């Protein structure tokens, strides 16, 4: 999307207004005037706060945020890739009149009092779906929400990361080099805390800029429906997969039910260890090692340890565990081996032409409607309607195809009213066309 004049004006105004710290506006070339380019955001305007870690400190935060005004910016840091759980290891908040606070949820796992203090406020998050579950674990559940990433997608921005949007709309650059850090480690370095505080520093300003742009494009009601759906879905527990071991990377190379049983046995042995250690499963045993062992089926420690992924000291110490898992799979009766799972819903689209050419043609027409409509309104096709919804509709349309029955079917798949308004009756016609 091109940068419209209102956005350029806002960026210029922000550079001319209060900046977070004098160091951020010092010219880098020895001149007396700023260069006019994006301003590096290197420190919170009020300084980097120490994490709140005691009940008394939390009580002060609750009182301060209850007395604050306007939306509340929130973010959470997890330790994906390091820990088994997806819990929050740091929670960041900022509100006008309350400033920025960082909360350590390890000693303070229940933030229900803070939740009550900001219950009536709009919560502003970036990519909210990534954080809502871990925030709910500590008692933080929004009633009203503004997701800056989703808003940017609806507004048609090509780059929707927090740093990219902050630079384009507000004129500040953010560093994102600590995003993959191990946030479970303690103590947290000050540079990490600064990074975490900056994630909420400009979030409300970004919300205002995006809200202005959505209003200009006539998409505010669309966004409101999407945010309300996020609030509803965020309160639901994560879906538990029936056979999570089937998502092992590289499993497509493993042929035969017996070999797949070895993948399953190794996967669950690893999962138990990872859960006990609170370590990311891939740090206990990489997926590539599971696949290699499933393919070769080593029967002794010497052979096992020659396989890729089994050379590390911690992996070698568990050699007997891995061999026992393989042995369990080896002695399973045939009727206990994995079977091809029953796939819910339509088959993969590449098989439609062979199985049902009429449905394949229907899907092509429906997809064309989605692509044409998303292009006309400058938003990603996947945000206009979930691709799976279109596949299900095309594979098994309602018996009587009308705008009402198509709308009812799509609502059952989770479609929002703004999406139906844009897509009907073109989808109905696409389903009718022979």
Check on residue 409, surrounded by fewer than 16 Cβ atoms within 10 Å (Cβ to Cβ) and outside any loop (DSSP other than H, G, I, E, B): no
Is it fair to say residue 326 is in the same structural domain as residue 304 (by TED's automatic domain parsing), under 24 Å from residue 263 (Cα atoms), touching a residue at least 12 places away in the same chain (Cβ under 8 Å) and part of a loop (DSSP other than H, G, I, E, B)? no
Taking the range 272-288 and keeping only residues that are part of a helix (DSSP H, G or I) and out of contact with any helix residue (DSSP H, G or I) (no Cβ under 6 Å at 6 or more places or on another chain), one is left with 272, 275, 276, 277, 282, 283, 287, 288
Name every residue in the range 111-127 that is in a loop (DSSP other than H, G, I, E, B) and either touching a helix residue (DSSP H, G or I) at 6+ places or on another chain (Cβ under 6 Å) or within 14 Å of residue 57 (Cβ to Cβ) (or both), in order of residue number. 111, 118, 126, 127
If residue 347 satisfies every condition in (1) part of a helix (DSSP H, G or I); (2) touching a helix residue (DSSP H, G or I) at 6+ places or on another chain (Cβ under 7 Å) but one, which is the exception? (1)
Is it true that some residue in the range 254-268 is surrounded by fewer than 18 Cβ atoms within 10 Å (Cβ to Cβ), within 12 Å of residue 325 (Cα to Cα) and at pLDDT 95 or above? yes
Take the residues in the range 379-394 that are buried (at least 17 other Cβ atoms within 10 Å of the Cβ) and in a helix (DSSP H, G or I), then tell me which one is farthest from the chain's Cα centre (by Cα). 394
Condition first: in contact (Cβ under 8 Å) with a residue 60 or more places away in the chain and exposed (fewer than 13 other Cβ atoms within 10 Å of the Cβ). Can you find one or more residues in the range 363-378 that meet it? yes
Output the residue which, of all residues in the range 412-434 that are surrounded by fewer than 18 Cβ atoms within 10 Å (Cβ to Cβ) and under 20 Å from residue 360 (Cβ atoms), is modelled with the lowest pLDDT. 434
Against the definition (part of a loop (DSSP other than H, G, I, E, B), out of contact with any helix residue (DSSP H, G or I) (no Cβ under 7 Å at 6 or more places or on another chain) and either at pLDDT 95 or above or more than 17 Å from residue 230 (Cα to Cα) (or both)), how does residue 79 come out, yes or no? yes
Got a sec? Which of 246, 241 is modelled with pLDDT under 95, within 30 Å of residue 131 (Cα to Cα) and either surrounded by 12 or more Cβ atoms within 10 Å (Cβ to Cβ) or in contact with a helix residue (DSSP H, G or I) (Cβ under 8 Å, 6 or more places away or on another chain) (or both)? 241
So how many residues does the range 92-136 have that are under 16 Å from the mean Cα position of the chain (by Cα) and touching a residue at least 12 places away in the same chain (Cβ under 8 Å)? 12
Among helices (runs of 4 or more DSSP H) completely within the range 161-242, the ones holding 3 or more residues that are in contact with a strand residue (DSSP E or B) (Cβ under 7 Å, 6 or more places away or on another chain), assigned by TED's automatic domain parsing to the domain that holds residue 126 and closer than 27 Å to residue 41 by Cβ are 190-201, 203-217
Being within 18 Å of residue 203 (Cα to Cα), at pLDDT 95 or above, assigned by TED's automatic domain parsing to the domain that holds residue 227 and in a helix (DSSP H, G or I) is true for just one of 136, 151. Which residue is that? 151
Tally up the residues in the range 322-360 that are loosely packed, with under 10 Cβ neighbours inside 10 Å and more than 30 Å from residue 389 (Cβ to Cβ), please. 4
Quick check on my filter: what residues within the range 289-320 are loosely packed, with under 15 Cβ neighbours inside 10 Å, without any contact (Cβ under 8 Å) to a residue 12 or more places away in the chain and not in a loop (DSSP other than H, G, I, E, B)? 302, 303, 313, 316, 317
How many residues of the range 256-270 are out of contact with any helix residue (DSSP H, G or I) (no Cβ under 6 Å at 6 or more places or on another chain) and free of Cβ contacts under 8 Å to residues at least 24 places away in the same chain? The answer is 1
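The values are calculated or read from the model by the stated rules, or taken from the named source; none is laboratory data. All values reported here derive from a predicted model rather than from experimental measurement. Ideal geometry is used to build each Cβ from the backbone, glycine not excepted, and the neighbour counts take in all protein chains shown.
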